[in-house]
Amino acid sequence: MVLFLEKHLHRVLLLLILVVAFCLRLNHLDFQSLWLDEIYTMNMANPDNSFGEIYKLSHSVDPLSVLYFFLMNTFFKIIGYTAWAARFFSLLFGLAGISFAYLLGKELRNRSTGLIAALMLSVNYFHIFYSQEARVYSMFSAFTCLSFYFLVRYIKNPNRRNSIYYGFSALLMILSHFFGLFTLVSQI
């Protein structure tokens with residue numbers, strides 16, 4: 001019975017952390033007008049652009065974040081083409097990154113460590129700031145946490161499934177931002 005309560009307590013605490021993180025990131029989401037790089041993101045991910053056009057534009061101008069622009073373009077088609085939607089997209093990846101930090105801490109040590117990692121990331125000023133910006137940084141942060149999580153799982157249990165998960169998450173990290181290559185080298 002105690003283990004049952006403890007298991008659910010951690011889930012409730014994680015949900016509470018995510019709610020607080022959501023509120024912190026939602027607060028003043030569109031307080032400032034778009035700045036130059038965010039305008040660039042809006043132009044690249046314009047829902048009127050096809051994936052081919054986005055690829056051609058990014059290949060010649062910014063080949064580093066094609067996956068981000070594809071996902072943002074799709075998000076715009078579903079939610080709408082506004083600055084608020086672009087920043088909300090980053091907010092969602094910020095929340096995903098907090099969840100992945102929890103998983104990483106849990107995998108490294110235990111649930112309490114995961115909760116501490118999630119809490120620290122949820123109130124981190126820089127993470128909040130980049131989760132409110134229509135740029136690739138929150139997605140890169142989320143996929144970096146995810147790749148470290150699957151790396152630890154692979155190290156603990158080196159099987160085919162864990163290697164595929166790690167490889168896929170590392171690919172997502174690299175496709176998010178070229179700095180993912182530096183992270184991959186450090187993981188190797």
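The values are calculated or read from the model by the stated rules, or taken from the named source; none is laboratory data. In this text, all values refer to a predicted model and were calculated from it rather than measured experimentally. Here the Cβ positions follow ideal geometry from the backbone for every residue, glycine too, while neighbour counts run over all protein chains shown. Keep in mind that these areas ignore ligands, DNA and RNA; they rest on the heavy atoms of the full protein, side chains included. Shrake-Rupley method; radii C 1.70, N 1.55, O 1.52, S 1.80 Å.
Worth pointing out:
- For the stretch 100-131, the tally of residues that are open to solvent by 40 Å² or more (accessible area, probe 1.4 Å) and among the polar types (S, T, N, Q) stands at 4.
- Contact map, the stretch 80-107: first residue within 29 Å of Tyr165 (Cβ to Cβ), second residue among the polar types (S, T, N, Q) and open to solvent by less than 20 Å² (accessible area, probe 1.4 Å), Cβ cut-off under 6 Å, separation 6 or more or different chains; pairs are Ser90/Ser131; Ser90/Ser138; Leu91/Ser131; Phe93/Ser138; Gly94/Ser131; Gly94/Ser138; Ile98/Ser122.
- The condition (being part of a helix (DSSP H, G or I), closer than 21 Å to Phe31 by Cβ and in contact with a helix residue (DSSP H, G or I) (Cβ under 9 Å, 6 or more places away or on another chain)) is satisfied by just one residue among Arg135, Arg153, Arg87: Arg87.
- All positions within the stretch 155-181 that are at pLDDT 95 or above, aromatic (Phe, Trp, Tyr) and open to solvent by 80 Å² or more (accessible area, probe 1.4 Å): Tyr165, Phe168
- All conditions in (1) part of a loop (DSSP other than H, G, I, E, B); (2) open to solvent by less than 60 Å² (accessible area, probe 1.4 Å); (3) more than 18 Å from Tyr130 (Cα to Cα); (4) out of contact with any Lys or Arg (no Cβ under 6 Å at 6 or more places or on another chain) hold for Ser58, with the sole exception of (1).
- Filter result (within 22 Å of Leu67 (Cα to Cα) and not hydrophobic (A, V, I, L, M, F, W, C)) within the stretch 118-152: His127, Tyr130, Ser131, Gln132, Glu133, Arg135, Tyr137, Ser138, Ser141, Thr144, Ser147, Tyr149
- Residues that are open to solvent by 30 Å² or more (accessible area, probe 1.4 Å), of a type outside the set (A, V, I, L, M) and in contact (Cβ under 8 Å) with a residue 12 or more places away in the chain, drawn from the stretch 16-40: Phe22, His28, Asp30, Ser33, Asp37, Tyr40
- Restricting the stretch 41-55 to residues that are in a helix (DSSP H, G or I) and among the polar types (S, T, N, Q), the residue that is most open to solvent (accessible area, probe 1.4 Å) is Asn43.
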